[in-house]
Amino acid sequence: MQLRGQTQDTLWTLILTPSVWAGHFLFAYVAAAYACAPNTSIFQTIAGVRIAIALATVLSLAIVGWAGWRAAREWRINGGAFPHDGDSAGVRERFMEFSSLLLAALSFIAILFTAMPALMIMDCR
């Protein structure tokens with residue numbers, strides 16, 4: 001079921017936001033580990049890594065926010081009612097849109113919590 005001005009949700013739209021979260025998580029922790037790996041001057045600031053993580057966080061939040069906004073908009077346009085237990089293309093589409101919305105909200109919060117140590121910790125201690 002595809003209406004004008006809307007997209008058809010697939011598994012790719014469903015896993016987009018957790019994938020962005022996983023990519024952000026991997027980047028943040030690998031970048032911090034790489035910067036702190038020599039372990040010779042643990043009191044030296046890691047400002048460059050913190051800025052890179054902040055930029056990655058803003059980009060990730062923008063992608064997840066857009067995906068969540070798109071899913072919420074299309075879920076409401078398609079009726080947005082519960083339950084999603086029917087056996088039709090329209091019900092499956094609403095279920096995928098609502099699931100995408102919930103995963104986007106979860107991923108948004110998870111990205112914030114992943115970035116929090118990088119914003120609060122100044123060095124490699």
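The values are calculated or read from the model by the stated rules, or taken from the named source; none is laboratory data. Keep in mind that this is a model prediction, so the values were computed, not measured. Backbone-built Cβ (ideal geometry, glycine too); neighbour counts: all protein chains shown. What goes into the accessible areas is simple: the full protein's heavy atoms, side chains included, and nothing from ligands, DNA or RNA. Shrake-Rupley method; radii C 1.70, N 1.55, O 1.52, S 1.80 Å.
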### Message
I'm checking my understanding of the structure. Among residues of region 13-31 that are within 29 Å of Glu93 (Cα to Cα) and open to solvent by 70 Å² or more (accessible area, probe 1.4 Å), which one is nearest to the chain's Cα centre (by Cα)?
### Response
Trp21
### Complete set of residues in region 62-73 that are crowded, with 19+ Cβ neighbours inside 10 Å and more than 20 Å from Phe113 (Cβ to Cβ)
Arg70, Ala71
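Residue-by-condition table, conditions (1) in contact (Cβ under 8 Å) with a residue 24 or more places away in the chain; (2) among the aliphatic types (A, V, I, L, M); (3) touching a Leu at 6+ places or on another chain (Cβ under 9 Å); (4) in a helix (DSSP H, G or I):
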residue	(1), (2), (3), (4)
Thr40	no, no, no, no
Arg50	yes, no, yes, yes
Ile53	yes, yes, yes, yes
Glu74	yes, no, yes, yes
Ala81	no, yes, no, no
Val91	no, yes, no, yes
### Phe113 being of a type in the set (Phe, Trp, Tyr), modelled with pLDDT under 90 and open to solvent by 60 Å² or more (accessible area, probe 1.4 Å)
no
### Task
Looking at (1) part of a helix (DSSP H, G or I); (2) open to solvent by 80 Å² or more (accessible area, probe 1.4 Å); (3) among the charged types (D, E, K, R), find the lone condition where Asp87 falls short.
(1)
### Summary
Of (1) open to solvent by less than 80 Å² (accessible area, probe 1.4 Å); (2) in a helix (DSSP H, G or I); (3) under 27 Å from Ser100 (Cα atoms), Leu59 fails just (1)
